[in-house]
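The values are calculated or read from the model by the stated rules, or taken from the named source; none is laboratory data. These numbers come from a predicted model, not from an experiment. Here the Cβ is made from the backbone with ideal geometry for all residues, glycine too, and neighbour counts use every protein chain on show.
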């Protein structure tokens, strides 16, 4: 592909010699001789240019051979993206120091021109060379893009591109004047009634350059600003969006492609802002950790994990609800949950379900915690202390903790999904919480949970006279001793509760 686009130089040289014939009478033999020497020089140059390109592209060959790791892919992308500029930097002196001087002197010799014609030929040849270099630069960019796109597909979105290349501003300010200069020379040569001379060529080049740098410069600057201004606005808005400002928008300033691009950006930003609002609303109805997990992983397929389940229920809340208004009932529940849910989160759990005047807390899913039993019991201790210190005798809770395997995932239908835990361990925890009404304890834990604890929590007393409803096999239950003390010892009990809660 590169060798093919290098052949464009042969076409540029041919038209450069044709341009020379507009100013100097040239016979057919002289034309062919000059063309032959010029094309020979270009052929030699292209041979060395192909070798240089192959050497520059050596890091890409590893990627093409199948090495698709991040380091190799990133190196290949940087080499491909920088190839046109890097080639120009390394190759620019070859034609300037060899091809142009050799060809200019040969033309002067072949046409029998005076010595002072050589500098004019050098200037004219340099203009043709610059035009050819621009063509080669942009042709190399286009030739590399399919491969760059393929490499970019395996790179992370936030990869570091490396040193910046030629800014778009300078591409326009270099390419447009060059077009003006070449066009001016061609028009001046074609419009002559009689053959000119090299002096006329020098004058025409000087006039074309002067026009390109003065009269045409303002037009070029205005054109550059009309293109670069909207792009700069889009870049600034993109940076603001990347920094988290979802209100970033771009003013639509035209009806061309830049205006359409600005509208597309605004639609994208609006979509992101709406998604953020949905995420915040989602987080209000689902635990933030669970919401983030679901948004990151998508629908969670059911899988079995070991967790600890904490059921919390407000004692005698039904009696309170019968005497209070609906607004008061909701306010009391919201106040209660506002205090309890942060406790679960501090211990690495989440409120999986709100069930009327109770909630189901889960520890160990979706984020795994090897110490899920300690986390659940630690949260229960803190909840007990919080309820007694804040509500006093006005409100009491019953809590049950059980540990075991459960099925974790998103379940539902009809377009509605719910993240939940299913299994006997959950049902048992619910029954354990119900058993606190018989024993009068604030908290009961099962033997399965007790076996996983790494702390003594002030000691545990077994409740041997309790049978769980719906369980065919007996489940051993334990009550933490600090939560079962008598009224005179409540001061010392609260001190121990705070200490145990702080351990988590």
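Worth a mention:
- Every test in (1) surrounded by fewer than 18 Cβ atoms within 10 Å (Cβ to Cβ); (2) under 30 Å from the mean Cα position of the chain (by Cα); (3) in contact (Cβ under 8 Å) with a residue 40 or more places away in the chain is passed by residue 175 save one, and that test is (2).
- For segment 246-288, filtering for residues that are modelled with pLDDT under 80 and outside any loop (DSSP other than H, G, I, E, B) leaves 12.
- Residue match in segment 349-370 (condition: part of a helix (DSSP H, G or I) and either touching a residue at least 12 places away in the same chain (Cβ under 8 Å) or surrounded by 22 or more Cβ atoms within 10 Å (Cβ to Cβ) (or both)): no
Residue-by-condition table, conditions (1) closer than 14 Å to residue 309 by Cα; (2) in contact with a helix residue (DSSP H, G or I) (Cβ under 9 Å, 6 or more places away or on another chain):
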{"site": "423", "(1), (2)": "yes, no"}
{"site": "445", "(1), (2)": "yes, yes"}
{"site": "454", "(1), (2)": "no, yes"}
{"site": "465", "(1), (2)": "no, yes"}
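- Failed criterion for residue 405 (all others in (1) buried (at least 24 other Cβ atoms within 10 Å of the Cβ); (2) at negative phi; (3) within 43 Å of the chain's Cα centre (by Cα) hold): (1)
- Here segment 157-172 is the region considered, the condition is being in contact (Cβ under 8 Å) with a residue 24 or more places away in the chain and part of a helix (DSSP H, G or I), and the residue that is surrounded by the fewest Cβ atoms within 10 Å (Cβ to Cβ) is 168.
- Hits in segment 304-329 - residues which are within 26 Å of residue 441 (Cα to Cα) and either in a helix (DSSP H, G or I) or not assigned by TED's automatic domain parsing to the domain that holds residue 405 (or both): 317, 318, 319, 320, 321, 322, 323, 329
- Annotation note: of 154, 128, the sole residue that is assigned to a loop (DSSP other than H, G, I, E, B) and in contact (Cβ under 8 Å) with a residue 60 or more places away in the chain is 154.
- Number of the condition not met by residue 91 [criteria: (1) surrounded by 17 or more Cβ atoms within 10 Å (Cβ to Cβ); (2) within 37 Å of the chain's Cα centre (by Cα); (3) at pLDDT 80 or above]: (3)
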